[in-house]
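First the structure, which I've put down as structure tokens, then a few questions once you've had a look.
We did not get these values from a lab; they are worked out from the coordinates using the rules stated. Here the structure is a predicted model, which means the values were calculated and not measured. Cβ coordinates were reconstructed from backbone atoms using ideal geometry, including for glycine residues, and neighbour counts include every protein chain displayed.
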Amino acid sequence: MSVRPILRWPDPRLAQVCAPLGDAPAEALVAYLFDTMYAAPGRGLAAPQIGVLARVFVMDCGWKEGTKTPRACIDPEIVWTSDEVAVTGEGCLSIPGVTAEVTRPAAITLRYRTLTGETVEERLTGFEAICAQHEFDHLNGIVTFDRLTPKARAEAEAAYAP
Ligand SMILES: [Zn+2]
């Protein structure tokens, strides 16, 4: 197990736009991300949350319910979003104890490179679509607080005790 400390908001590294991973090796980073995510325990984790400013995230939305669906997404892009939106209470391992009601497209198409170098496109719906967008936001230095109205943000920040 290679569990790394998870940065907590407002660590400035969580507000950085991450650089593409490109041809750099991904195996060790992805292993750290999965080990840290499962240990947290969480359903998604982005590289900047462990202090690595690269465009990589992992997610597994079903493992807590007994269905492991691990994905390691390298240099991901959101290439389509639905007009339909969903409002979801989102937690974040970097903002422990806070659930923020975030409005996002209900479905997306995510294009990313896998650990084996294959480029795949997947249509994601339900919680997987929300989770992928949440993790993708981290790669652009965006956290749930940034998706709230000023009033909701002030309330959420007031409830946050790091
Ligand atoms: Zn998060």
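What is the order of 63, 9, fewest Cβ neighbours within 10 Å to most?
So the ranking, lowest neighbour count to highest, is 63, 9.
Give the calculated FRET efficiency between residue 28 and residue 161 to the nearest 0.05, with a Förster radius of 25 Å applied to their Cβ-Cβ distance.
Rounded to the nearest 0.05, the efficiency is 0.15.
Can you tell me which of 114, 149, 99 moves the most in a GNM of the chain? Springs connect C-alpha atoms under 10 Å apart.
Sorting by GNM fluctuation, first place goes to 149.
What longest region of the chain stays clear of GluC sites (Glu not before Pro) that DSSP places outside H, G, I, E and B and that have at most 15 other Cβ atoms within 10 Å?
By the stated rule (loop sites, at most 15 other Cβ atoms within 10 Å), 1-83.
May I ask you to sort 52, 79, 98, 58 by Cβ crowding, counting other Cβ atoms within 10 Å and putting the fewest first?
Going from sparsest to densest Cβ surroundings: 79, 52, 98, 58.
Compute the separation of the alpha-carbon centres of the range 134-157 and the range 27-95 and state it in Å as a whole number.
Rounded to whole Å, the Cα centres lie 16 Å apart.
Only Cα pairs within less than 10 Å get springs; with that Gaussian network setup on the chain, which residue of 146, 11, 23 has the largest fluctuation?
Sorting by GNM fluctuation, first place goes to 23.
Same structure, new question: Can you pull the Kirkwood radius for the chain, inverse mean 1/r over Cα pairs, to one decimal in Å?
Kirkwood hydrodynamic radius for the chain: 15.8 Å.
Moving to a separate point now. Counting pairs of alpha carbon atoms under 8 Å apart in space and at least six apart in sequence, what relative contact order in percent does the chain give?
Averaging sequence separation for qualifying contacts and normalising by length gives 24 percent for the chain.
Gaussian network model of the chain, Cα springs within a sub-10 Å range: biggest mean-square fluctuation belongs to which of 108, 50, 78?
78
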